[in-house]
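Undergrad: I'd like to ask some things about the structure below.
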Amino acid sequence: MVHVAKISYNGDINIGLFATATDRFVLTPPDYPRVDEVLHVPQIFCSVADTPLIGLFVAANSNGLLLPKIVDEKERETIKKALRDAGIDINIATLRSKHTVLGNLVVCNDKGAVISENLKSSKKKIEDVLGVEVSISRIARSKLPGSYTVATNKGFLLSNLGSEEDYEVLEKTLRVEGDLGSVNFGSCFVRSGIVANSYGYVVGEQTTGVEIARIDEALGFLK
């Protein structure tokens, strides 16, 4: 069973900015490459704020989906209907925070979430929607923990800029083991180059074989 593929989106290797995946679904723009055969979940087509930047603006796990306040009602209803038509019933909530790049502000799986201090006031709502305990922490000295980490229910990949303390926070909160690495021939912003769940992942076209081997190990595909 194929669990990894290299792709680009309209020539862009930062494929993680445009999609987000859970163990129940993957959200992508309508013209995104087909990734459902790699991730082994339904591919739901949508937009956010009239852009294809779904991975940048939303955060999700198998329990819930967090949308930014810039999503319009039509887009919200399109997502809800598409999920419902696929037989997927989850919590969907819009965060009224002025900070809208939720994909960069949240890293989560079905066991926990680490969020930016910028979302501190939304901590309880995020816990309720995602159905997990939430920790507030910087990762790689940044207020954007989601841009430096990719997490699934089997493991996590932390940017090679991450520290031992960062690793411990992620391991304790997400309750899985992980590893440090990069994507797209050395990019430290790992979330921008990967879309992953427990069943597989896609990476930007410039990701090297050495990087893929490290990702395989970090996300639990090598035992």
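Undergrad: So if I check each of TYR167, TYR199, which one is in contact with a Leu (Cβ under 7 Å, 6 or more places away or on another chain) and farther than 23 Å from ASN14 by Cβ? Working first, answer last.
TA: Numbers: TYR199 fails: farther than 23 Å from ASN14 by Cβ.
The unique qualifying residue is TYR167.
Undergrad: Quick one: which residue in GLU171, GLU205 is touching a strand residue (DSSP E or B) at 6+ places or on another chain (Cβ under 7 Å) and over 21 Å from VAL2 (Cα atoms)? Full working, then the answer.
TA: Details: GLU205 fails: over 21 Å from VAL2 (Cα atoms).
Answer to the check: GLU171.
Undergrad: Which of the residues that make up segment 66-94 are touching a residue at least 12 places away in the same chain (Cβ under 8 Å), out of contact with any Cys (no Cβ under 7 Å at 6 or more places or on another chain) and not in a strand (DSSP E or B)?
TA: We begin by selecting, within segment 66-94, every residue touching a residue at least 12 places away in the same chain (Cβ under 8 Å); these are 66-72, 75-76, 78-80, 82-83, 86, 88, 90-94.
From the residues that got through so far, the ones that are out of contact with any Cys (no Cβ under 7 Å at 6 or more places or on another chain) too are 66-72, 76, 80, 83, 86, 88, 90-94.
If the condition is that a residue be touching a residue at least 12 places away in the same chain (Cβ under 8 Å), out of contact with any Cys (no Cβ under 7 Å at 6 or more places or on another chain) and not in a strand (DSSP E or B), then LYS69, ILE70, VAL71, ASP72, ARG76, LYS80, LEU83, ALA86, ILE88, ILE90 are the ones that fit.
Undergrad: OK, next. Does any residue in segment 4-20 that is without any contact (Cβ under 8 Å) to a residue 40 or more places away in the chain come within less than 8 Å, Cβ to Cβ, of a residue that is among the acidic types (Asp, Glu) and not in a loop (DSSP other than H, G, I, E, B) six or more places away or on a different chain, and which pairs are these?
TA: Close Cβ pairs (under 8 Å, with a partner that is among the acidic types (Asp, Glu) and not in a loop (DSSP other than H, G, I, E, B)) amount to PHE18/ASP12.
Undergrad: Next question. Please indicate, with yes or no, whether at least one residue in segment 89-104 is more than 19 Å from VAL129 (Cβ to Cβ) and either modelled with pLDDT of 95 or more or among the hydrophobic types (A, V, I, L, M, F, W, C) (or both).
TA: Going residue by residue through segment 89-104, those that are more than 19 Å from VAL129 (Cβ to Cβ) are none.
Checking segment 89-104: not a single residue is more than 19 Å from VAL129 (Cβ to Cβ) and either modelled with pLDDT of 95 or more or among the hydrophobic types (A, V, I, L, M, F, W, C) (or both).
Undergrad: Quick check on SER198: is it of a type in the set (S, T, N, Q), surrounded by fewer than 24 Cβ atoms within 10 Å (Cβ to Cβ) and either part of a loop (DSSP other than H, G, I, E, B) or modelled with pLDDT of 95 or more (or both)?
TA: Working: of a type in the set (S, T, N, Q): yes; surrounded by fewer than 24 Cβ atoms within 10 Å (Cβ to Cβ): yes; either part of a loop (DSSP other than H, G, I, E, B) or modelled with pLDDT of 95 or more (or both): yes.
Yes, satisfied.
Undergrad: Give me a count of the residues in segment 100-125 that are closer than 17 Å to LYS69 by Cβ, under 17 Å from the mean Cα position of the chain (by Cα) and surrounded by fewer than 24 Cβ atoms within 10 Å (Cβ to Cβ).
TA: Matching residues across segment 100-125 total 3.
Undergrad: May I ask you to verify whether LEU56 is free of Cβ contacts under 8 Å to residues at least 60 places away in the same chain, surrounded by 15 or more Cβ atoms within 10 Å (Cβ to Cβ) and under 16 Å from the mean Cα position of the chain (by Cα)?
TA: Details: free of Cβ contacts under 8 Å to residues at least 60 places away in the same chain: yes; surrounded by 15 or more Cβ atoms within 10 Å (Cβ to Cβ): yes; under 16 Å from the mean Cα position of the chain (by Cα): yes.
It is true that LEU56 is free of Cβ contacts under 8 Å to residues at least 60 places away in the same chain, surrounded by 15 or more Cβ atoms within 10 Å (Cβ to Cβ) and under 16 Å from the mean Cα position of the chain (by Cα).
Listed here are the residues, each with its yes/no results for (1) among the hydrophobic types (A, V, I, L, M, F, W, C); (2) within 26 Å of GLN43 (Cα to Cα); (3) in contact (Cβ under 8 Å) with a residue 40 or more places away in the chain.
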{"position": "GLY112", "(1), (2), (3)": "no, yes, yes"}
{"position": "ARG138", "(1), (2), (3)": "no, no, no"}
{"position": "THR152", "(1), (2), (3)": "no, yes, yes"}
{"position": "PHE156", "(1), (2), (3)": "yes, yes, yes"}
{"position": "GLY162", "(1), (2), (3)": "no, no, no"}
{"position": "ASN184", "(1), (2), (3)": "no, yes, yes"}
{"position": "PHE189", "(1), (2), (3)": "yes, yes, yes"}
{"position": "SER198", "(1), (2), (3)": "no, yes, yes"}
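Undergrad: Taking the options ASP89, ASP85, name whichever one is within 19 Å of ASN197 (Cα to Cα), among the acidic types (Asp, Glu) and over 17 Å from the mean Cα position of the chain (by Cα).
TA: On the way: ASP85 fails: within 19 Å of ASN197 (Cα to Cα).
Step by step, each of ASP89, ASP85 is checked, and only ASP89 is within 19 Å of ASN197 (Cα to Cα), among the acidic types (Asp, Glu) and over 17 Å from the mean Cα position of the chain (by Cα).
Undergrad: Has segment 167-183 got at least one residue that is under 20 Å from ASN109 (Cα atoms), of a type in the set (Phe, Trp, Tyr) and part of a helix (DSSP H, G or I)?
TA: yes
Undergrad: I'd like the residue in segment 132-166 that is part of a helix (DSSP H, G or I) and touching a strand residue (DSSP E or B) at 6+ places or on another chain (Cβ under 6 Å) and, out of all such residues, is surrounded by the fewest Cβ atoms within 10 Å (Cβ to Cβ).
TA: ASP166
Undergrad: Looking at this structure, is ASP50 more than 18 Å from the chain's Cα centre (by Cα) and at pLDDT 95 or above? Before you say what the answer is, go through the steps one by one.
TA: Numbers: more than 18 Å from the chain's Cα centre (by Cα): yes; at pLDDT 95 or above: yes.
So ASP50 passes the test.
The values are calculated or read from the model by the stated rules, or taken from the named source; none is laboratory data. The shown structure was predicted, so the numbers you read here are calculated from the model rather than taken from an experiment. Reconstructed Cβ throughout: ideal geometry from the backbone, glycine too, with neighbour counts over all protein chains shown.
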